[in-house]
Amino acid sequence: MEMKKFEVLPRHIGFIMDGNGRWAKNQGLKRGEGHIAGAKVFKKIGEYCADLGIECVTFYAFSTENWSRPQEEVDGLMDLFIDYLIDGDSRLEENKERQMKLKFIGEREGLPQELLELIEKAERETKDYNKITVNIALNYGGRAELVHSVKAIAEKVKNGEIAIDDINEDLISQNIYTSGQPDPDIIVRPSGEYRLSNFLTWQSAYSEFWFSDILWPDFTTDDVDAVLEDYQKRHRRFGGV
Ligand code: IPE
Ligand code: IPE
Ligand code: MG
């Protein structure tokens, strides 16, 4: 496949994988079928980002708020993460070939034991791969992440490891799940919604945004190209002139 060349590549892209349910409804299918279709797109887009040479990509797979969905849907999603995202047949080989490091960001507490073990295994097996980091935000909430960070920092103050005056933006960045990674340069939200839904709250302070009506299961590598083309034209000023 001929790949497009881009002058400026974002170092980190975030994808909010939204619209699976509406896609399924449009096709006369159950919501779960939409999630299955969405998982296939996740895989394809992750591989495409790796092939483009992007350093880091984050996919929003399940939010801390998504537990409020019907039990059947939640169970289906957990099974899907187990079957498809983590334990897929060829996952290991593909991760190796593309040097994809998998990292799960979000609360571990509350996830099924089987999923937890697979998450740990996937992270262990891919920890030395160094071309792209694929963050999967699973049971992730930006506010919950900040609560963790505040607690971890408070603990260090309490133990006398640091002083209150040592608390600064860098320290907070070091105490969140994406520690050591660049902040997302651009966040993509399909499905016609114009909100972050608790995604990368701290990290998105200076992110660009790309919205579209496409439903996630219809998202293609051409759409990634459109995001990247658009990104070339953005003038990021970071408060300067
Ligand atoms: C996103 O698709 C997947 C998850 C939140 C797990 P939705 O399930 O939110 O799809 P819509 O928004 O109902 O179409
Ligand atoms: C955001 O989608 C979370 C994920 C894509 C995992 P939602 O469908 O949960 O977001 P809201 O409810 O429309 O804000
Ligand atoms: Mg949704």
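The values are calculated or read from the model by the stated rules, or taken from the named source; none is laboratory data. Everything numeric in this text was worked out from a predicted model, so none of it was measured. No Cβ is skipped: glycine too gets one built from the backbone with ideal geometry, and neighbour counts run over all protein chains shown. What goes into the accessible areas is simple: the full protein's heavy atoms, side chains included, and nothing from ligands, DNA or RNA. Shrake-Rupley method; radii C 1.70, N 1.55, O 1.52, S 1.80 Å.
Below are the figures for this structure:
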{"quantity": "Solvent-accessible surface ranking, highest first, for 210, 216 at 1.4 angstrom", "calculated": "210, 216"}
{"quantity": "Cα Rg over Rh - the chain, Kirkwood", "calculated": "0.96"}
{"quantity": "Candidate aspartates and glutamates - alpha carbon under 14 Å from residue 158, same-chain residues fewer than 8 apart omitted", "calculated": "166"}
{"quantity": "CD proxy at 222 nm, helix term only [per DSSP H run n ≥ 4: -39500 (n - 2.57); per residue of the chain; nearest 500]", "calculated": "-12500 deg cm²/dmol"}
{"quantity": "Flagged links, alpha-carbon separation over 29 Å, of 30/127; 4/30; 4/25; 96/156; 4/43", "calculated": "30/127; 4/30; 4/25; 96/156"}
{"quantity": "Amide H contacts of residue 162 (H built 1.01 Å from N, under 5 Å, at least 5 apart or other chain)", "calculated": "157"}
{"quantity": "Å² per residue, accessible surface of segment 99-177 at 1.4 Å", "calculated": "57"}
{"quantity": "Relative contact order of segment 31-137, pairs being alpha-carbon contacts under 8 Å that are 6 or more residues apart, as %", "calculated": "41"}
{"quantity": "Length added when fully stretched, residue 7-residue 161, from 0.36 nm per residue minus Cα-Cα", "calculated": "51.0 nm"}
{"quantity": "Inter-site label distance for residue 87 and residue 29 at 7 Å from Cα along Cβ, in nm", "calculated": "2.2"}
{"quantity": "Accessible-area composition of the chain, carbon plus sulfur, in percent [1.4 Å probe]", "calculated": "48"}
